[in-house]
Amino acid sequence: MCGIVGYVGNRDAVPILLDGLQRLEYRGYDSAGLAIFSGEGVCVRKRVGKLGELAQSLRENPIAGTGGVGHTRWATHGRPSEENSHPHSDGAGMIHVVHNGIIENYHTLKDQLQIEGHQFHSQTDTEVLAHLIGQHYRGDLAHAVREALQMVEGAYALGIICDKEPGRLVAARSGSPLILGLGEGENFIASDVPAILNHTRKIIYLGEKEVASISAESVEITDLEGRPVTRDISRIDWDASAAEKSGYPHFMLKEIHEQPQVINNTLRGRFDEDGVVELRDIGISDDDLRNARKILITACGTAYHAGLVGRLLLERIARVPVEVDLASEFRYRDPVIDEGTIVMAVTQSGETADTLAGIREAKRRGARVLSICNVVGSSIARESDGVIYQNAGPEIGVASTKAYTSQIVAFALFTVYLGQLRRSVSREEAMQMSAEIRDLPSKMRQALEQDGAIFESRDRYYLAESALFLGRGYNYPSALEGALKLKEISYIHAEGYAAGEMKHGPIALVDHSLPAICICVQSEVYDKMLSNIQEIRARQGSVLAIATEGDREIARHADEVVYVPEAPEYLSPVLTALPLQLLAYHIATRRGCDVDQPRNLAKSVTVE
Ligand code: AGP
């Protein structure tokens with residue numbers, strides 16, 4: 001996610017903005033910039049790379065001024081570069097904008113502005129916004145912003161200044177958070193509390209589709225139509241560390257709970273005017289997708305588990321043959337791939353060495369490469385022919401949570417799109433599935449309400465020496481992922497297994513000391529899962545079942561049940577992942593483990 005800081009007051013703005021951006025570094029970024037009201041109008045300075053590059057430039061060539069906006073960019077449109085860095089300006093260099101979010105209709109707006117003679121220098125959606133605001137400017141910046149935003153679809157948190165209104169800061173938000181900080185003779189805006197906590201603890205959470213016009217002495221909030229809005233002032237009692245985690249004790253728990261919003265961002269801009277999945281500009285032509293003879297998915301760890309779900313989706317719905325390989329195995333197995341193969345790399349970081357080596361091998365053999373990735377401009381994103389970006393924001397916790405569910409949703413979107421191209425999915429079916437996919441964030445919010453119940457259950461499991469995770473069908477990968485989550489943050493040995501395999505060996509493990517987590521949601525394999533649960537209970541094993549809300553049968557067989565909302569089976573892994581993540585988290589914290597940075601692990605495995 002990008003970071004925004006703004007300041008108007010009587011102090012030197014540059015150090016305040018740089019300090020604020022530094023406190024937002026945890027959000028991840030690839031470039032930074034600021035725009036300052038200085039004697040001769042507004043000065044803009046941007047640098048690719050870390051904040052130190054920008055700070056160095058400002059030491060060598062200072063900018064004096066008592067107001068401005070600053071930004072750290074997490075690229076979503078356009079690779080990391082100076083021209084794509086924020087702030088972005090209109091053609092006259094009068095309006096300067098910093099933005100966090102995704103403008104869904106920026107192509108349409110940009111086309112129209114270009115017809116009217118506007119020239120653009122970046123690949124970003126934000127630059128379009130600067131031109132749009134400049135086009136509406138008639139001497140009142142807040143008014144111009146309101147008018148421009150009425151034409152915009154998508155998510156934004158904005159800081160805007162204009163060289164004709166020194167000392168005036170305009171902020172606006174829809175879908176991306178933005179706060180106002182109230183000082184004495186000075187005021188602030190920021191994407192998140194840590195940026196301004198050392199200046200003020202009095203903040204206003206700007207509401208949806210609200211615009212704030214801010215000077216050193218005043219804050220006026222309106223809706224997009226210009227009607228005044230009154231917002232309460234909140235007092236923040238967190239310390240700086242808690243503030244970075246939005247009050248959660250760990251980044252991992254914050255990232256578990258932000259998944260509904262993350263999936264909203266993964267879905268953003270991916271439906272046509274009828275609400276049916278449409279993937280534009282993924283970098284591989286519809287013909288190549290339509291004519292692919294095989295898809296081969298390659299990934300590591302959690303991303304591999306997402307790939308296993310992806311195979312089931314693509315084969316069962318898009319009716320295309322799919323193989324899945326661990327990246328570390330793929331490159332050595334001399335795979336049969338050619339120009340008729342599409343290789344899909346799944347990777348949050350885009351830097352995993354095994355996965356990168358895999359796609360290089362695939363390209364060498366003539367395959368097209370389409371990646372599902374969370375980092376714009378990462379090595380794998382750059383070397384792929386096409387990318388479906390997850391737009392999940394940086395994942396700080398080493399144990400992958402929101403990246404996993406956003407990867408599955410990316411596969412679901414791709415499946416519906418590919419199914420339409422290959423005529424294995426009718427328009428009506430695509431409409432139905434698109435609606436089911438859009439329902440996921442609200443169902444995820446319901447599933448996360450089980451957090452307390454799962455917390456209560458941790459005492460029953462935290463001393464276990466081993467655990468078994470069982471699933472079938474779409475939730476066999478969920479069992480693998482649940483086991484990985486537990487073992488990597490609690491250090492309890494855990495094994496994920498296809499439940500149907502129990503009788504072929506693993507059932508010998510079952511006794512009173514072995515907890516089994518069984519994913520038993522409503523599905524075509526529900527009865528078989530129930531039988532597996534009964535087999536375990538008959539051998540004194542304890543069972544925690546993850547089941548579908550409304551299932552009254554399961555409680556008669558499992559020791560404990562955690563419910564997830566009803567959903568089509570093909571989307572259920574997105575929901576069953578949540579209690580599995582929470583269970584691992586609460587057991588690990590009960591054991592006193594460092595859940596954000598587990599021993600021996602790195603967030604991105606850039607070595608083979
Ligand atoms: C996930 O919890 C693990 N930390 C790890 O398995 C991770 O999924 C794997 O290293 C792949 O990383 P990537 O998605 O960045 O390629």
Practice item. Quote the relative contact order of the range 502-608 in percent (integer), defining contacts as alpha-carbon pairs under 8 Å separated by 6+ residues. Key: 20 percent
Exercise for review: Select from His493, His512, Phe469 the residue farthest towards the positive end of the dipole of the range 461-556; place +1 on Cβ of Lys and Arg, -1 on Cβ of Asp and Glu, and compute about the Cα centre.
Suggested key: His512
Check your understanding: Within the set Lys254/Lys487; Lys443/Lys503; Lys110/Lys209; Lys294/Lys402; Lys363/Lys402, which residue pairs have Cα atoms separated by over 26 Å?
Key -> Lys443/Lys503; Lys294/Lys402; Lys363/Lys402
Review point. If R0 is 56 Å, what FRET efficiency do you get for Arg227 and Ser604 from their C-beta distance, rounded to 0.05?
Key: 0.75
Check your understanding: Ordered by packing density, taken as the mean number of other Cβ atoms within 10 Å over each peptide's residues, highest first, how do 473-482, 375-384 rank?
Key -> 473-482, 375-384
Point to revise | Calculated FRET value between Ser241 and Arg59, using beta carbons and R₀ = 25 Å, to 0.05 | key: 0.35
Revision key, fill the gap. From the Cα centre of the range 328-354 to that of the range 54-112, the distance in Å is 35 Å
Practice item. State whether the range 1-146 is rounded, prolate or oblate according to the following rule on the C-alpha gyration tensor (a ≥ b ≥ c being the square roots of its eigenvalues): a/c under 1.5 gives rounded; otherwise a/b larger than b/c gives prolate, and the remaining case gives oblate. Key: oblate
Study note, to complete from the structure: Rounded to a whole number, the Stokes-Einstein D of the range 417-509 in µm²/s (Kirkwood radius over Cα pairs; 25 °C; 0.890 mPa s) is 151 µm²/s
Revision key, fill the gap. At R0 = 25 Å the Cβ-Cβ FRET efficiency linking Arg280 and Ala92, nearest 0.05, sits at 0.25
**Study point:** Long-range Cα-Cα pairs in the range 223-265 (distance over 16 Å), rounded percent
**Key:** 60 percent
Check your understanding: Where both residues lie in the chain, what percent of DSSP beta bridges are antiparallel, nearest 5?
Key -> 60 percent
Study note, to complete from the structure: For the range 326-371, the convex hull over Cα atoms projects on average to an area in nm² of 2.8 nm²
Exercise for review: Give me the lysines in straight-line cross-link reach of Lys50: C-alpha distance below 22 Å, same-chain residues under 8 apart excluded.
Suggested key: Lys245, Lys603
Check your understanding: Helix 301-317 versus the longest principal axis of the chain: what is the Cα-based angle in degrees, 0 to 90, to the nearest 10?
Key -> 80 degrees
Point to revise | Candidates per trypsin sites (Lys or Arg not before Pro) in the range 177-286, loop by DSSP, up to 11 other Cβ within 10 Å | key: Arg280
Revision key, fill the gap. Counted neighbours (other Cβ, 10 Å), sorted fewest up, put Ile408, Ile63, Ile256 in the order Ile63, Ile256, Ile408
Review point. Relative contact order for the chain: what is it in percent, counting Cα pairs under 8 Å that are at least 6 residues apart?
Key: 11 percent
**Study point:** Tilt relative to the chain, helix 572-590 - C-alpha long axis, 0 to 90 degrees, to 10
**Key:** 90 degrees
Point to revise | Principal-axis tilt of helix 476-490 within the chain, Cα atoms, nearest 10 degrees | key: 70 degrees
Practice item. Mind sorting His131, His118 by how few other Cβ atoms lie within 10 Å of their own Cβ, fewest first? Key: His118, His131
Check your understanding: What is the dipole size for the chain, taken about its Cα centre, with +1 at each Lys and Arg Cβ and -1 at each Asp and Glu Cβ, in debye to the nearest 20?
Key -> 840 debye
Exercise for review: Return the Cα extents of the chain along principal axes one, two and three, sorted largest first, each rounded to a whole Å.
Suggested key: 79, 53, 44
Study note, to complete from the structure: Quick note on Cys2, Cys373, Cys593, ordering by fewest other C-beta atoms within 10 Å, gives Cys593, Cys2, Cys373
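No lab work stands behind these numbers, since they all come straight from the coordinates. Because the structure is predicted, anything quoted here is derived from the model rather than measured. Glycine also receives a Cβ, built like all others from the backbone with ideal geometry; neighbour counts cover every protein chain displayed.
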